[in-house]
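Take a look at the structure below.
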Amino acid sequence: MRELSKFIDEQKKYFKESVPTIVWDDDRWDVSHWIPNRGEDRYIIFQPIKSKLIKSRKICKIIPLEFSEFMKALAVYMHRSRKTGFMSVRNYVNELRRMYSLVLFIRGESAPSLLSNWHFEQLLRTRKEENYKNIYNSAANIKLIADLIDRLNICETKINFQHGLKSKHHHNSLKSNIVSNDNERDIDKLPSLEFFQAYAYCTNNPINENEEILLRTIDLLIALGQRGNEVTVIPYDCIIEKYNYTDSGEIINDGHGKPIMTYGLKYFSEKNFEPKIHYLSDIDWPFAKRAIDRLKILTKEARNVALFQEGNPDRIWEIKPDAIISDTEISKYLQFKTFLNLHTYLRRKGVYKVSSDADHDRNEKFSSNRFYNYRYYYRAGDIENVLKNDLPDHFDFRSKFDSKVETVLKTSEILSIRFNGAFQFKIRGSHLKKIFPHRTTLPEINGALGSKSVYQTIFERRNLTEKDGTKLGATSHSFRHWRNTIYQLTGMSDVQQALALGRNDISQNKYYQHETLKEKTENHRNFLRFNNNQEKITYLQKGIKNGTIKGSITNLYEKIRKEQSARDADEFLTIHANSLHITPFGGCTHDFSQNPCLKHLQCWNGCSHLHRTGTENETRRLTELLSSLEKLKEKQAKELQEGSVWTSDLNSKISNLRKVLDNDTIDNSKKPYQVFPDSQYMQNIGKDKTSSTTDD
């Protein structure tokens, strides 16, 4: 089909010009210089995908060129036009790989232009047969691909795919049982008390320095409440110190004459990789400071190796290539359990000994009745040539700026780094390679906390469990839920919570606030316990100021404070919280909780409830109102007869406004005063007289 061929040619041309580091014809793309990704996986694969559904079927071994070209072009177009990230592009490509391996291949088809609605429905059915847990996400990805194909007119007929599945995202999930306990908390999102007690023991009693690196990184995760991927790339030079100043510009000191400091940590947000600062409370700072200081000490050796390798891309160590070194010296870098394991590892890598001799002092157990005491010598350059292929990319923390990929942090510039194998406490035959430094990763943190079974957790190493004997466990994101809940319970406003946690969307706060029913209703119950009205007023004013009381009053207070000044906002709050309700043109003392106002905003017809509040904004609004009414009067004079009920009403308002503005008696204290002290209470009128222009 002409549109398909043209589409592929356009994407191929663009890709070859803008991404010269990737060969288009390869079926495995290393996209780290095209679409940066923080995880260790940086490949997009265009090979057949494996599935448990094809065990008894003929297995697809290669994807035909025409479909492979289509997949690549679609991946390039998605990132190019939609700025789609690595994980999304990879997911879309994987769905297309399934489309061919599980649908087209079985039918002997391969042309993308022949795709139809049936093919996409069949692909979704296979996902259901696989019991894929995130079936809604898969359906959404499949629909996006189908819609994109329709928009580009790639197929001969429109696909018009619809799936009808509803999202089961955890944000929208509801418990099936009725909550009967006021103290019940959403324990699925928060670590238990036993977990924190066990972790406190672990973090204060590390088994070795490698484990301590992991523990100190988790300490920062708890102290900050940031996302796991943000904590793993905190820069080495991360501490921000600020003096606190008085209004006159003087440094504030404590009781001992020492300056009071505010401390923060620099980090990069997970979304958009923006540099940000997280300021810590006085309680959190010592905990975070200990973690930072210890990480700088514990990672010194790995940092020096990373610095050398960053400056010498083709080298792994400072040993000269021609040097002959013994396995004893090599074991300082490659720490195997036995020398036999070391010799086997090097032999499998293609590195062979130069010479050997016997060291009878070793006496390593080789079998039930034999000892292994051989000492091998190797050429350093042979080892280096082989192992440098396994070196991690020290420039892998990249971001895109103006369509150009740049390195944001090198390995040596990241606070939490370690050698390969440092955290493999459970895997049999594991070893530490002190020539491969790399940053601590999120899976390693989650493994230590108990959410990854392949790792031995810090609790299992110490035989610590929950109260009922079950396994202790949490995820790195649990601490973010926990800290957000604490912020909510201590009265922080939603804006403050979002800022503290680096959250752009304030509406997401509610999904991280796991208060119990009792805690959620605490403010309401406190309000009902007050002994007098003054206590209620004080409570209301305080609650509105700190954001614990929500509603239109709080919103208006925040708007005035932001757009005008804190002084104007406090004036508004003082008036409103004393039952003097604000209107656009004055204050009203009528208690609306007892009886609604029957003269809505007809205040200037002589309502006895009307008060002048003494603010400049109020005077300005009254002047504007008078001008508007006078213009309206001129218009009515041309359209209505003199003496009309509407004209009389308008004249009455204008007269009252002029009288008040011309004889303004507001004193400097700016206390509210009654504008019409001799007028009647306007709600006390006849039942059949509801018009503001009707006489008594």
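The values are calculated or read from the model by the stated rules, or taken from the named source; none is laboratory data. Everything numeric in this text was worked out from a predicted model, so none of it was measured. Here the Cβ is made from the backbone with ideal geometry for all residues, glycine too, and neighbour counts use every protein chain on show. Ligands, DNA and RNA are stripped out before the accessible areas are found, and what is left, the full protein with its side chains, is counted by its heavy atoms. Shrake-Rupley method; radii C 1.70, N 1.55, O 1.52, S 1.80 Å.
Tabulated data for the structure shown
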read-out	value
The range 257-369 - convex hull of alpha carbons, volume per residue in Å³	284 Å³
Charge dipole magnitude, Cβ of K and R +1, D and E -1 - the range 207-296, Cα centre, debye nearest 20	140 debye
Note, ³J(HN,Hα) from phi for the range 78-92, Karplus 6.51, -1.76, 1.60, rounded to Hz, x at Gly and Pro	4, 5, 6, 8, 10, 6, 5, x, 4, 4, 5, 4, 5, 5, 5
Globularity index of the range 413-498, i.e. its alpha-carbon radius of gyration over 2.2 N^0.38 Å	1.41
Computed FRET value (nearest 0.05) for Asn651 with Asn546, which takes r as the C-beta separation and R₀ as 41 Å	0.30
Centroid-to-centroid separation of the range 117-167 and the range 210-263 [C-alpha atoms, Å]	48 Å
Cα→Cβ-extended label distance, 7 Å offset, between Asn385 and Ser192, nm	5.7 nm
At R0 = 35 Å, FRET efficiency that the Cβ-Cβ distance of Ser5 and Asn504 yields, to 0.05	0.25
Difference of contour (0.36 nm per residue) and Cα-Cα distance, Asn153 to Leu65	29.6 nm
Pairwise label distance in nanometres, Lys13 with Val354, each label 7 Å out on the Cα-Cβ vector	5.7 nm
Accessible heavy-atom area order of Thr157, Thr262, Thr328, highest first, probe of 1.4 Å	Thr157, Thr328, Thr262
Entries in Lys242/Lys296; Lys12/Lys404; Lys166/Lys189; Lys266/Lys559; Lys635/Lys659 that, when Cα-Cα distance is taken, lie over 26 Å	Lys266/Lys559
Relative contact order %, the range 255-337, counting alpha carbon pairs below 8 Å whose residues are six or more apart	14 percent
Largest to smallest accessible area among Lys143, Lys300 [probe 1.4 Å]	Lys300, Lys143
Computed E for Arg107/Asp41 - FRET, C-beta separation, R0 35 angstrom, nearest 0.05	0.65
Ranked by how many other beta carbons lie within 10 Å on average, peptides 248-259, 432-443, 218-229, 487-498 from highest	218-229, 432-443, 487-498, 248-259
